1. Regarding V137, is this residue of a type in the set (A, V, I, L, M, F, W, C), over 18 Å from the mean Cα position of the chain (by Cα) and buried (at least 24 other Cβ atoms within 10 Å of the Cβ)?
2. If you take the residues of segment 424-444 that are of a type in the set (A, V, I, L, M, F, W, C) and either touching a Lys or Arg at 6+ places or on another chain (Cβ under 8 Å) or in contact (Cβ under 8 Å) with a residue 60 or more places away in the chain (or both), which of them is farthest from Y206 (Cα to Cα)?
3. In segment 396-449, what residues are more than 30 Å from E475 (Cβ to Cβ), surrounded by fewer than 18 Cβ atoms within 10 Å (Cβ to Cβ) and in contact with a Pro (Cβ under 6 Å, 6 or more places away or on another chain)?
4. Exactly one of these conditions fails for A168: (1) in contact (Cβ under 8 Å) with a residue 12 or more places away in the chain; (2) under 30 Å from T105 (Cα atoms); (3) over 18 Å from the mean Cα position of the chain (by Cα). Give me its number.
5. For segment 180-203, indicate whether the set of residues that are of a type outside the set (D, E, K, R), more than 27 Å from L287 (Cα to Cα) and not assigned by TED's automatic domain parsing to the domain that holds V112 is non-empty.
6. Let me spell it out: the conditions are (1) at pLDDT 75 or above; (2) of a type outside the set (S, T, N, Q); (3) under 24 Å from V152 (Cβ atoms), and P57 meets all of them except one. Which number is the exception?
7. Scan (1) at pLDDT below 95; (2) buried (at least 20 other Cβ atoms within 10 Å of the Cβ); (3) under 27 Å from the mean Cα position of the chain (by Cα) for the single condition L365 breaks and write down its number.
Amino acid sequence: MAYVVTQSCCADASCVVACPVNCIHPAPGEPGFGTTEMVYVDASSCVGCGACATACPVGAMVPDAALTTKQLPFLDLNASYYDAFPHADRTPVALVPQQRRLTRTGPFRVAVVGAGPAGLYTADELLKHPEVGGVDVYDRLRTPYGLVRHGVAPDHASTKLVTRLFEAIERQPRFRYFLDVPVGAPEHPGGVTLADLRAHYDAVVYAVGASADRSLGIPGEELAGSVAATALVGWYNGHPDQQALDVPLAHERAVVVGNGNVALDVARILARPIDVLERTDLAPGPLDRLRASAVREVLVLGRRGPAQAAFTVPELIGLAALDDVDVLVEADPALLTGDDQRSALLRELAERPVDLASTRRRIVLAFASSPVEVLGADGRVSGVRVARNELVTDADGTVRAVPTDDVRTIEAGLVVRSVGHRGTPVAGLPFDERTATVPNHQGRVEPGLYVVGWIKRGPVGFIGTNKTDAQETVETILDDLDAGLPAPTGSAAAIAALVAERHPQSADLAAWQRLDAAERERGAQAGRPRAKITDVAEQRSVAAAPVATRRRGLLRRTVSLTS
């Protein structure tokens, strides 16, 4: 029996370290680690011990004998990796390097701005070093976990299991949250500034992501009903800033521009049956809206061919395996003849018989198509003009999409642009408009000031990529601490007092745990994993500490137990 990776995983290498025979690759230090879509198990050397399954935080490791029919394509996917990248010469032991120790004793304090995966992985890497006396993580929202909470699709529950890792990080004694605290933004005078942080910490790390969407640059993009994917994803995932988003669902067709993983997520959520969505943590308000949705077809437009599609192969396998939505491929058959994995899977999808009597909603994957104009009536989206593209291969092998005069009009009531994220300027930090990142060298903006995650490298990679990225930035911080950084003038107690004075409603770990418990309890009552609370005032009320606790009996309830 061998184990198989069955989804795009967090790639944080927990399974690699756990494996006693080094059969999981790419491993840390190997080409492709942190950048491949997933890690792969070498069936020829796997001994079936199950150590990887125990270590995996998202349940991606499954014995080959237990694979479902829908998961069988992952057998070939794992095997094909080793056909291309054999690892027979690798030492069959997971080597763990000796922990680095700083030459200066500290204790040092570090502030991390942003409680998403990049920020929490950074905190974890820092806290591995005893010379770091404390890490404080700030976030303007009252809920941590960033895109894991507000970006991962509700029907991808296994991916969200990575929060178990984050909960373990939070429990470390030198970790502290300052949630619901804006940092450095002039429009939020109740928060703290970069200058405040630098006065109270030896180092400050920004892990603020890339929160904006790239525009299409076509007429009509500003019409009501034309929305950014990040806004729509935030809407159905319960982001407080997006709950008033105008999402028209009265037309039978929606168009998603772009064909990355986010585009497929959006298509699935718009198309899947409501009884499926009711079993997820999709936000209550949007769930009610989707119950009344008239959308029957979601058209996903990709400007190039199947081989150049931006979605990952595991994501496509998952889409193809759905039995509650019809998935169709709209492409010139000549574009489906490639021997790459995407083309092969799409060719198989295209060859499936079409059930004309099906009443299921459908997702249509269209290739070599680009929108040239969003059409409107009375200020609202009414359709899209789409041009067929010719694919031209340049001398360097790059495939370009060249629009032709073959243009068609597609009626639709909702257009979602999903053509990539973009970082936004951060108060007090330099900003490169071309790359939409903060200029840095291995995470260092200047001694004492650092970046990690998408604001550092751009919006590329997966959840686990942030771990490798955090390790690089933390190594740079440690180098600077060893070289000598100016000591802060304020203390840990002083910054806590400053936050309490400026923002009395800030939340700590206990407050987040109370909110988390309340959401889970409400969800359980409705047969759901959680019912997200999206109103900030209600979040604050629910998370408030109990007025009194029971003081009698051996089973007294403390704040920590009720968390």
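The values are calculated or read from the model by the stated rules, or taken from the named source; none is laboratory data. Remember, it's a predicted structure, so these values are computed and weren't measured experimentally. When we count neighbours, we look across all protein chains shown, and the Cβ atoms used for this are built from the backbone with ideal geometry, even at glycine.
1. Details: of a type in the set (A, V, I, L, M, F, W, C): yes; over 18 Å from the mean Cα position of the chain (by Cα): yes; buried (at least 24 other Cβ atoms within 10 Å of the Cβ): yes.
Considered against the rule, which asks whether it is of a type in the set (A, V, I, L, M, F, W, C), over 18 Å from the mean Cα position of the chain (by Cα) and buried (at least 24 other Cβ atoms within 10 Å of the Cβ), V137 comes out as yes.
2. Filtering first and then ranking leaves A436.
3. Within segment 396-449, none qualify.
4. Exception for A168: condition (1).
5. From segment 180-203, those of a type outside the set (D, E, K, R) are 181-186, 188-195, 197, 199-201, 203; that's our starting set.
Cutting the leftovers down to more than 27 Å from L287 (Cα to Cα) gives us 181-186, 188-195, 197, 199-201, 203.
This time we only want the ones that are not assigned by TED's automatic domain parsing to the domain that holds V112, so: none.
No, every residue in segment 180-203 fails to be of a type outside the set (D, E, K, R), more than 27 Å from L287 (Cα to Cα) and not assigned by TED's automatic domain parsing to the domain that holds V112.
6. Result: P57 passes all but (1).
7. That leaves (1) as the condition not met.
One line per residue, one yes/no per condition, for (1) among the hydrophobic types (A, V, I, L, M, F, W, C); (2) assigned to a helix (DSSP H, G or I):
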residue: T36; (1), (2): no, no
residue: V47; (1), (2): yes, no
residue: C52; (1), (2): yes, yes
residue: P57; (1), (2): no, no
residue: K70; (1), (2): no, yes
residue: F74; (1), (2): yes, yes
residue: Y81; (1), (2): no, yes
